[in-house]
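Presented below is the structure to which this report refers.
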Amino acid sequence: MLTIIIPAYNHQGYVLESLAAARQVNIPGVKVIVIDDGSTDGTLRVVEDYLAKFPADNVQVLSKPNGGLVSSLILGLELADTPYIYIVASDDILIPGGIVQCLDSLERFPELKFCVGGGENYYEDDPSLTSSVYGAAHDEFFQLSEKKRSEALFLAYPQPILLQSTLFRVDALKAIGGWDRQILLDDYPTFIKMFSRFPNINKDFIYQPDVLVVKYRQHGTNSYKNVERQFGIVKQMLSKLAPAKLYPKAMGKVLALHFLGAVRSGQASKGLKILKGHGAGVYLNFSFYLAFFIFRFLLVRIRK
């Protein structure tokens, strides 16, 4: 009934916790597939050793040359021969009860294509500290009309919406073409295509933030560590998926956010580098959003 895909890359310290949780999902016909993306640490070895000690007929581990997360997702979708699919990163931990509840919703309402459940931030340094992945911005996004949400996908998208908190019908993912090898981002493009093809909440999909599906591990990494690469990946995605009328505004906003992020992290030279090579419409919107974000920052400081 359900295939659980665990893409893994250099997560030898986390993958067994993720796999053990997946094995706790009590659903008839559940399958678990671990896809190792050419890890250079002991990820594949610890999984194979674990399965040698605790074998399970419904667990499969595959190893392939390193090709990036999207290549693992493409392979996982190809291998899924069940009606439903769930994807969880090898450093995150699924919550079996939430999986069952989301699946039950999809079973009871066959018109639903996917179920976005809730997520809980997991801080490994202090497991007692928890917080919700989703908040007011997400609630507002899902309450928007179909037309307004189609614009918000590019102009006011509440980051993140997680693949790890979502159960999909396999045929729905295949209907949007699955993942594109030319787009390096995994989650955001998927939801752009899913919400565009299946836009109606409680008809095409369901949002259940109170049904916790995953513990989303927080590593405390600097999101602007490689600002040029990060910006390039987002630009690549917008260039391919954003409607022409929304692209200058969406790209201008992304450019302003990444430029300010680079400056804040002491990478002003890289921030200046990403400013090159855009059209007049993008620069116009960049100027607007740059002024807006700076004004908002100063206003918050004044209020403090």
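A few notes on this one:
- Applying a threshold of 9 Å to beta carbon distances and a minimum spacing of six or more residues, or different chains, the list of pairs starting in region 56-82 at a residue that is acidic (Asp, Glu) and ending at one that is surrounded by 15 or more Cβ atoms within 10 Å (Cβ to Cβ) reads Glu78/Gly178; Asp81/Thr3; Asp81/Lys31; Asp81/Val170.
- Enumeration of residues in region 67-101 that are farther than 15 Å from Arg217 by Cβ and either of a type in the set (D, E, K, R) or not assigned by TED's automatic domain parsing to the domain that holds Asp210 (or both): Glu78, Asp81
- Selection count where residues are without any contact (Cβ under 8 Å) to a residue 60 or more places away in the chain and surrounded by fewer than 20 Cβ atoms within 10 Å (Cβ to Cβ), scope region 158-171: 3
- Some residue of region 274-281 being surrounded by 11 or more Cβ atoms within 10 Å (Cβ to Cβ), at pLDDT 95 or above and in a helix (DSSP H, G or I): yes
- Close pairs from region 100-129: first without any contact (Cβ under 8 Å) to a residue 40 or more places away in the chain, partner assigned to a strand (DSSP E or B), Cβ under 7 Å, at least 6 apart: Leu129/Tyr123
- Picking from residues in region 256-273 that are touching a residue at least 40 places away in the same chain (Cβ under 8 Å) and over 18 Å from Val234 (Cα atoms), the one that is surrounded by the fewest Cβ atoms within 10 Å (Cβ to Cβ) is Arg264.
- Options Leu73, Leu103, Leu112; residue that is within 18 Å of the chain's Cα centre (by Cα) and surrounded by 20 or more Cβ atoms within 10 Å (Cβ to Cβ): Leu73
- When each of Asp210, Asp171, Asp139, Asp126 is tested for being farther than 28 Å from Lys249 by Cα, out of contact with any His (no Cβ under 6 Å at 6 or more places or on another chain), of a type outside the set (S, T, N, Q) and in a helix (DSSP H, G or I), the lone residue that passes is Asp171.
- Residue count for region 43-69, restricted to those that are loosely packed, with under 12 Cβ neighbours inside 10 Å and in contact with a Ser or Thr (Cβ under 8 Å, 6 or more places away or on another chain): 0.
- The condition of being closer than 25 Å to Ser239 by Cβ, of a type in the set (A, V, I, L, M) and at pLDDT 95 or above holds for only one of Ile93, Ile74, that being Ile74.
- Selection count where residues are touching a residue at least 40 places away in the same chain (Cβ under 8 Å) and closer than 19 Å to Tyr84 by Cβ, scope region 176-194: 5
- Across region 90-105, the number of residues qualifying as in a loop (DSSP other than H, G, I, E, B) and either in contact with a helix residue (DSSP H, G or I) (Cβ under 6 Å, 6 or more places away or on another chain) or among the polar types (S, T, N, Q) (or both) comes to 2.
The values are calculated or read from the model by the stated rules, or taken from the named source; none is laboratory data. It should be emphasised that the depicted structure is a prediction, and the values quoted were computed from it without experimental measurement. Neighbour counts are summed over all protein chains in view; Cβ atoms, including those assigned to glycine, are modelled from backbone coordinates with ideal geometry.
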